[in-house]
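Q: Here it is, the structure, as structure tokens.
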Amino acid sequence: MEVVVSELEEVHAEDLDSFLKEDADTLLYSSHAYLSLLKDYLKCSIKLLLVYKNEKIIASFPLAFTSGKLGTVCNSLPFYGSNGSMTVSSSLLEADKLNCYSLLLQKALNVIKDNKSIASTFITNPLQTGSNEYLKSQFKYDFKDERIGQITYLNADKNNIEQSLLQLFDDPRPRNIRKAIKSGITVSADTIENQLKFLYDVHHANITAIGGIPKELEFFQKIGAHFNVENCKVYVGYFENRPVAALLLFYFNKTVEYFTPAVVESFRSMQPTSLIVFEAMKDAIRQGYDKWNWGGTWLSQGGVYDFKKKWGATDKRYYYYTQVYKKEIVSENKDFLISSYPNFYLVPFNQLLT
């Protein structure tokens, strides 16, 4: 076996995604469509490290590169909570899996060196313990950062979806759902194109109100070029035919990705988001999805963690493994690194000297 290094556009989407879907635990972030969106939006270079057997992909490792004021940085993967890391065919013997991990890691380090990178970060998939354990034991990282992934397993009785789902949730979620219904909230699914302006405007207002950095309009505008109505939906909550909340969802393999929620502040008390999530989960179960990925939560985000936990979420830890090749990075300040390398991860900010 050997690793082939390909530019993203050289790899057929069907070949990559068919391989990924052989494992029920692969996520959106390694898919061809999402990688294409990252390349388009971030203007970064994406190289796919692939292992073939009998002309069939048996392992993959996506690497994204960007250039900034200090040099080149590598992430697998950049942007909000984008898990990358290595995927190896679950059908392989254990010895062959380990061989693939070893080949991919060594090739990745060589490619990173060839690109004269100043830092690299590998972000693990919270559902795939194999690559996580391999990197933990074999990768000589300088820094390790941790997130809590939270997954709701949609183990509902298909003959009684609504009631069995409600039994997964902790109070006050069932109460929130009933309140939204009683308040007159209705929910329907739509396309990103139809709801782009509302979703962006309300998301921007929500995030800036808490001092955060909202996703840019350009990101939402580019989604439609890479995703269709089957793998990207916006669920909208209405009150008296007026949109008051929205939720952007991506679909890949067996998992729904909770990506961008937005709610008009004056309607928040009506709990439209709770009803949106409930209706979207019911639809997902009918369509054969069995996992709802709430995304990563920082260890310090107690309120966010509790919100997701009450939806019946199970904790799945994942990690950021970082190597630094230019030690001066830790002498820079946080604002400089964010502005110089937007949407890329360099080092944990608590490790900076300034």
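Q: Which entries of K158/K316; K53/K107; K282/K309; K254/K316; K39/K136; K254/K309 show an alpha-carbon separation above 22 angstrom in the structure shown? Mind dumping the intermediate values first?
A: On the way: K158/K316 26 Å; K53/K107 17 Å; K282/K309 18 Å; K254/K316 17 Å; K39/K136 28 Å; K254/K309 20 Å.
Violating the 22 Å limit, Cα to Cα: K158/K316; K39/K136.
Q: Using only Cα atoms, what is the ratio of the radius of gyration of segment 268-354 to 2.2 N^0.38 Å?
A: Working: Rg = 18.6 Å, N = 87, 2.2 N^0.38 = 12.0 Å.
Taking the Cα Rg and dividing by 2.2 N^0.38 Å, one obtains 1.55.
Q: If I build a Gaussian network model for the chain, linking alpha-carbon pairs within less than 10 angstrom, which residue out of G302, G312, G130 has the largest mean-square fluctuation?
A: Ranking G302, G312, G130 by mean-square fluctuation puts G302 first.
Q: Only one of the values [x] 32, 28, 20; [y] 32, 23, 18; [z] 35, 24, 19 was calculated from this structure for semi-axes √(5λ) of the Cα gyration tensor in Å; name its label.
A: [z]
Q: Further question: Y153 versus S331, label points 7 Å from Cα toward the beta carbon: distance in nm?
A: 5.1 nm
Q: Pick out which of I123, I151, I285 has the largest mean-square fluctuation in a Gaussian network model of the chain, springs linking Cα atoms closer than 10 Å.
A: Ranking I123, I151, I285 by mean-square fluctuation puts I285 first.
Q: Select from segment 27-82 those chymotrypsin sites (Phe, Trp or Tyr not before Pro) which occupy a DSSP coil region and have at most 12 other Cβ atoms within 10 Å, ordered by residue number. Mind showing how you got there, number by number?
A: Numbers: sites: Y29, Y34, Y41, Y52, F65, F79, Y80; in loops: F79, Y80.
Hits after loop and neighbour filter: Y80.
Q: So how far, in whole Å, is the C-alpha centre of segment 124-202 from the one of segment 44-92?
A: 24 Å
Q: Expected output is a single nm value to one decimal: the length gained when fully extending between D315 and S266, i.e. 0.36 nm times separation in residues minus the C-alpha distance. What is it? Before the final figure, lay out each step's value.
A: Working: separation 49, 0.36 × 49 = 17.64 nm, distance 3.18 nm.
Separation in residues times 0.36 nm, less the Cα-Cα distance, equals 14.5 nm.
Q: About its Cα centre, how strong a charge dipole does the chain have in debye, to the nearest 20, once Lys and Arg get +1 and Asp and Glu get -1 at the Cβ? List each step's numbers first, then the result.
A: Values: 39 positive and 40 negative charges, 167 e Å.
Its charge dipole is roughly 800 debye.
Q: About the Cα centre of segment 1-140, what is the dipole size in debye to 20, counting +1 per Lys and Arg Cβ and -1 per Asp and Glu Cβ, all else neutral?
A: Numbers: 13 positive and 16 negative charges, 148 e Å.
For segment 1-140, the charge dipole is close to 720 debye.
Q: By average Cβ neighbour count within 10 Å, what is the ranking of 17-23, 81-87 from highest down? Don't skip to the end; give the middle numbers.
A: Working: 17-23: 16.4, 81-87: 24.3.
The peptides rank, most packed first, as 81-87, 17-23.
Q: May I ask for the angle, rounded to the nearest 10°, between helix 173-182 and the longest principal axis of the chain, with both axes built from Cα atoms and the value confined to 0 to 90°?
A: 50 degrees
Q: A further question on this structure: For segment 45-139, which GluC sites (Glu not before Pro) pass both filters: DSSP loop (anything but H, G, I, E, B) and at most 14 other C-beta atoms within 10 Å? All intermediate terms of the calculation are to be shown ahead of the outcome.
A: On the way: sites: E55, E94, E133; in loops: E55.
Those that pass, being in a loop and sparsely packed, are E55.
Q: Between S45 and S91, what FRET efficiency comes out of the Förster formula 1/(1 + (r/R0)^6) with R0 = 35 Å and r the beta carbon distance, rounded to 0.05?
A: Values: r = 31 Å, r/R0 = 0.88.
Computed FRET efficiency for S91 and S45: 0.70.
Q: On to the next question. Using +1 at the C-beta of Lys and Arg and -1 at the C-beta of Asp and Glu, which of N83, M281, I177 has the Cα lying farthest in the positive direction of the dipole of the chain?
A: I177
Q: Give me the percent of DSSP beta bridges within the chain that run antiparallel, rounded to the nearest 5.
A: 90 percent
Q: Determine the sum of side-chain charges near F259: Lys and Arg each +1, Asp and Glu each -1, restricted to other residues whose C-beta is under 11 angstrom from that of F259.
A: Values: positive: K215, K233; negative: E257.
With Lys, Arg at +1 and Asp, Glu at -1, the neighbours total +1.
Q: When the distances between all Cα atoms of segment 155-289 are binned every 10 Å from zero, what whole-number percent does each bin get?
A: Over segment 155-289, the share of Cα pairs per 10 Å bin runs 12, 41, 36, 11, 0 percent.
Since every read-out is calculated from the coordinates, none of them should be taken as a lab result. Treat the numbers as computed from the prediction; the structure is a model and nothing was measured. Positions of Cβ are generated from backbone atoms using ideal geometry, with glycine treated the same way; all protein chains shown enter the neighbour counts.
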